[in-house]
1. Would you confirm, using the coordinates I've provided, whether residue 167 is of a type outside the set (Gly, Ala, Ser) and touching a Phe, Trp or Tyr at 6+ places or on another chain (Cβ under 6 Å)?
2. Looking only at the range 228-247, how many residues end up being within 24 Å of residue 170 (Cβ to Cβ), assigned to a helix (DSSP H, G or I) and free of Cβ contacts under 8 Å to residues at least 40 places away in the same chain?
3. I'd like to check something: does the range 261-277 contain any residue that is acidic (Asp, Glu) and in contact with a strand residue (DSSP E or B) (Cβ under 9 Å, 6 or more places away or on another chain)?
4. Would you please list the contacts, defined by Cβ atoms under 6 Å and residues six or more apart or on different chains, that run from a residue in the range 172-194 that is among the hydroxyl-bearing types (Ser, Thr, Tyr) and buried (at least 20 other Cβ atoms within 10 Å of the Cβ) to a residue that is in a loop (DSSP other than H, G, I, E, B) and at pLDDT 90 or above?
5. Taking the condition of being free of Cβ contacts under 8 Å to residues at least 12 places away in the same chain and under 16 Å from residue 122 (Cα atoms), how many residues in the range 300-326 meet it?
6. Just checking, which of 319, 301, 228 is more than 23 Å from residue 164 (Cα to Cα), of a type outside the set (A, V, I, L, M) and touching a Pro at 6+ places or on another chain (Cβ under 9 Å)?
7. Scan the range 162-190 for residues that are within 17 Å of residue 99 (Cβ to Cβ) and of a type in the set (Asp, Glu) and jot them down.
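The values are calculated or read from the model by the stated rules, or taken from the named source; none is laboratory data. Only a predicted model underlies this, so the values are computations on that prediction, with no experimental measurement involved. As a convention, Cβ positions derive from the backbone with ideal geometry for all residues, glycine included, and neighbour counts pool all protein chains shown.
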Amino acid sequence: MASSKAKVGVNSETNLLKESKSSSSAGEPSPNNRTYSLDDLETLATVGTGTFGRVFLVKDKQSRAFFALKQMKIPDVIRLKQEQHVHNEKEVLTEVNHPFLIRLFWTHHDERFLYMLMDFVPGGELFSFLRSRGRFSNATGLFYSAEIVCAIEYLHSKEIVYRDLKPENILLDSEGHIRLTDFGFAKKLSDRTWTLCGTPEYLAPEVIQSKGHGRAVDWWALGILIFEMLAGYPPFFDDNPFGIYQKILAGKLVFPRHLDFYVKDLIKKFLVIDRARRLGNMKNGADDVKKHRWFKTVDWEGVPVRKLKPPIVPKVSHEGDTSNFDVYPEDEWKKDPPVPQKDLDVFKSF
């Protein structure tokens, strides 16, 4: 979870929250058809921490299935003005159902915490694999990009903008397929929104300039991600966010020599400052992306049904294996006083 990238808009709220893959096997009732209680869940380990929450690996005592339980301190959510983001996250996750997205099974609150019960995805973050390898091969980058294109296309078909694409928010399941996680910035969008949020290196120019932004920001972020996967570093970086923003707005791209000709063309078409001309945001949407020459070998029908062969298969010994996540001290995290009723009212529908 150690990441060099800080978030904007949440005091790096949730590099934190790495949620993940439930293990309901064939024949078991779907985890969606249950009402859970905290007493049903045995806490096993922390798999992520952040400014106002942490994610625990938990085991359902009834089904013996493993889940990730995201637990957020209500006073900190309020202090950091994250109430709307928390509600957005629940609203978006309640509405989506896709093989490359995390699933939400249950939400709850008491007088101290908000809780979200989600998939536990045991392979860990793509970020960890990218850092240990330095950079990915063209073929490896192509695999992850194809699965991400399908995830973004699905979200946009539901008028949802994700707004937080980066290697830290892409988990790998036990077979090596992706799951996007951390929907704290995701939002159902009929037109545009003006909130400055995201990770500095991944912000689109229209977000930095507060011009109002929409789903085009996800295609910009995909361009940044592909560059980072294949180069080992993002195209615009600096010691401070202001320096990063200046470079993004200047738009000067310097590619490493080893990059494939077609992928350079694709990245340039994503990193277009004029969003009306940005690939993915024009009339044909994601179809324009899928037709790009870099993707010519991809069987697009096979991608969402997980037919492509993953280039990295994480070492996972059992469904509750946490070895692909950092180790966190199990400190006295729960000793906070209860929250006054007026503050709890904000979350009564949670």
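1. For residue 167, the condition - of a type outside the set (Gly, Ala, Ser) and touching a Phe, Trp or Tyr at 6+ places or on another chain (Cβ under 6 Å) - is met.
2. Final tally of qualifying residues: 1.
3. Step one: filter the range 261-277 for residues acidic (Asp, Glu), giving 265, 274.
Filter again for in contact with a strand residue (DSSP E or B) (Cβ under 9 Å, 6 or more places away or on another chain), leaving none.
No, because not a single residue in the range 261-277 is acidic (Asp, Glu) and in contact with a strand residue (DSSP E or B) (Cβ under 9 Å, 6 or more places away or on another chain).
4. Within 6 Å, the pairs are 181/102.
5. 4
6. Result of the check over 319, 301, 228: 319.
7. Selection gives 173, 175.
Per-residue answers, yes or no, for (1) touching a strand residue (DSSP E or B) at 6+ places or on another chain (Cβ under 8 Å); (2) touching a residue at least 24 places away in the same chain (Cβ under 8 Å); (3) crowded, with 20+ Cβ neighbours inside 10 Å:
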position: 55; (1), (2), (3): yes, yes, yes
position: 83; (1), (2), (3): no, yes, no
position: 87; (1), (2), (3): no, yes, no
position: 94; (1), (2), (3): yes, no, no
position: 98; (1), (2), (3): no, yes, no
position: 101; (1), (2), (3): yes, yes, yes
position: 112; (1), (2), (3): yes, yes, no
position: 118; (1), (2), (3): yes, yes, yes
position: 135; (1), (2), (3): no, yes, no
